Amino acid sequence: MADSPTMTYGGYLRLDDLLSCQEPKTRAHDELLFVIIHQVYELWFKQILHEAALLQRRLEEGGSAGSLHTARRIAKILKTVVGQLDVLETMTPRQFAAFRDVLGSSSGFQSEQFREIEAVLGRRSFPASVLRDDERLRAAVSRPSLFDSLLRYLDGHGYPVPREALDRDPSAPWEPDPGVQKALLAVYADESGPAAEVCEALVDVDEGVQEWRYRHLKMVERTIGAKIGTGGSAGADYLRRTLFAPAFPDLWEVRSQTEPASAGEAPAHGG
């Protein structure tokens, strides 16, 4: 690039633009923290979507090492997102109340990027009004989910994924499938193999999202108790209802079906 010798740190990162985006509406000291934390969330959500698109490409191309690396990165980002709640929880209920009224109808449940992450992970049950107003979300619910891409990866590595699971309508909600679980049991029969490692990395991603939901729930309860959330959302009640809903239920179900290896039995190798 012709201008790279004169590029500055602030210019490359567009810090003038970035640091002018924080505009608290009150003089409450803690409002700036609230704004920055949520803006950083949105930056991390953008990166998660960026990584998830790469992960799906790598899975569908059959690349184990690349898929594993990208899934682990997403899981690490989710750990960072959860860790940010430690900072937010230094704000007391009284400190939040000092500026809460200026939030008006805004709510974290309006995050378009987080809804898109949920769609990439397989959620399909969005209100029609939300889908109508969000073109990216409409596209996300119509294309294969991350779990669909995992099934194609496993099929490419020789595991017995049912054809109907591979050919299903990706816009339909996923239902746990005994045939898919049978294929996953074959994967986990060689727990040191690359396919098992990839599956475990996706469990880490799923667990990371569930951990974020739990910590978010406790933060909401700690800050506003049982009050209605901003924007009229159900607040903690909504988070509680979604808390134990895994994105990849089959990867969790096979844990109750796994049998221990017999003494002296060599691990299976295949795929």
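The values are calculated or read from the model by the stated rules, or taken from the named source; none is laboratory data. Here the structure is a predicted model, which means the values were calculated and not measured. Using ideal geometry, Cβ is built from the backbone for each residue, glycine included, and neighbour counts are taken over all protein chains shown. Just the protein is used for accessible areas: all its heavy atoms, side chains included, with ligands, DNA and RNA removed. Shrake-Rupley method; radii C 1.70, N 1.55, O 1.52, S 1.80 Å.
Rounding to the nearest 10 and keeping the result within 0 to 90°, find how far the Cα-based axis of helix 146-156 lies from the longest principal axis of the chain. That works out to roughly 20 degrees.
Projecting label points 7 angstrom from Cα along Cα→Cβ for residue 80 and residue 172 puts them 3.9 nm apart. Taking 0.36 nm per residue of sequence separation and removing the Cα-Cα distance, the residue 243/residue 21 pair yields an extension gain of 76.7 nm. Can you give me the angle between helix 31-61 and the longest principal axis of the chain, using Cα atoms only, in degrees from 0 to 90, rounded to the nearest 10? Helix 31-61 and the main axis of the chain meet at about 20 degrees.
Helix-only mean residue ellipticity at 222 nm, the chain, DSSP H runs n ≥ 4 weighted -39,500 (n - 2.57), per residue, nearest 500. What is it?
The helix contribution divided over the chain gives -18500 deg cm²/dmol.
For region 122-200, the relative contact order comes to 29 percent (Cα pairs under 8 Å, sequence separation of at least 6). I'm spelling it out carefully: the read-out is log10 I(q)/I(0) by the Debye sum over Cα atoms at q = 0.08, 0.11, 0.13 Å⁻¹, the candidates are [x] -0.50, -0.83, -1.06; [y] -0.41, -0.74, -0.96; [z] -0.30, -0.59, -0.85, and one was derived from this structure. Which label? Evaluating log10 I(q)/I(0) by the Debye sum over Cα atoms at q = 0.08, 0.11, 0.13 Å⁻¹ on these atoms matches [y].
A cut-off under 14 angstrom between Cβ atoms defines the neighbours of residue 152, and their net charge, with Lys, Arg +1 and Asp, Glu -1, is -1.
Applying a DSSP loop filter and a limit of 11 other Cβ atoms within 10 Å to the trypsin sites (Lys or Arg not before Pro) in region 1-55 leaves 14, 27. Among 40, 180, 205, whose mean-square fluctuation peaks in a Gaussian network model of the chain (Cα, cutoff 10 Å)? Top of the fluctuation ranking is 40. The label-point distance for residue 103 and residue 136, in a model that sets each label 7 Å from Cα toward Cβ, rounds to 2.2 nm. Each other residue within a Cβ distance under 12 Å of residue 209 adds +1 if Lys or Arg and -1 if Asp or Glu, for a net charge of -1. If the Kirkwood radius is taken over C-alpha pairs of region 113-153, then at 20 °C and 1.002 mPa s the Stokes-Einstein diffusion coefficient equals 208 µm²/s. Working from Cα positions, state the angle (0 to 90°, nearest 10) between the long axis of helix 194-224 and the longest principal axis of the chain. Between the helix axis and the principal axis of the chain, the angle is about 30 degrees.
Considering only 11, 158, 62, the Gaussian network model of the chain with Cα springs below 10 Å gives its largest mean-square fluctuation to 11. For the Cα trace of region 1-103, dividing Rg by the Kirkwood Rh returns an Rg/Rh value of 1.11. For residue 218, a cut-off of 29 angstrom between C-alpha atoms picks up these lysines, skipping any fewer than 8 places away in its own chain: 25, 46, 76, 79, 227. Quick one: net charge of residue 125's neighbours, Cβ under 13 Å, K/R +1, D/E -1? That sum, taken over residues with Cβ under 13 Å, equals +2. Spin-label model, residue 9/residue 182: points 7 Å from Cα along the beta carbon direction are separated by 6.0 nm. Along the chain, the exposed loop sites are GluC sites (Glu not before Pro) outside DSSP states H, G, I, E and B with at most 16 other Cβ atoms within 10 Å, and the longest stretch free of them is 90-190. Based on protein heavy atoms only, the chain ends up with 56 Å² per residue of surface accessible to a 1.4 Å probe. Take every Cα pair under 8 Å whose residues are at least 6 apart in sequence, average their separation, divide by the length of region 14-172, and the relative contact order is 25 percent. Do you know the relative contact order of the chain, to the nearest whole percent, from alpha carbon pairs under 8 angstrom that are 6+ apart? That works out to 22 percent. Placing +1 on each Lys and Arg Cβ and -1 on each Asp and Glu Cβ, with no other charges, gives region 1-109 a dipole about its Cα centre of roughly 320 debye. The calculated FRET efficiency for the pair residue 221 and residue 42, based on their C-beta separation and a Förster distance of 25 Å, comes to about 0.60.
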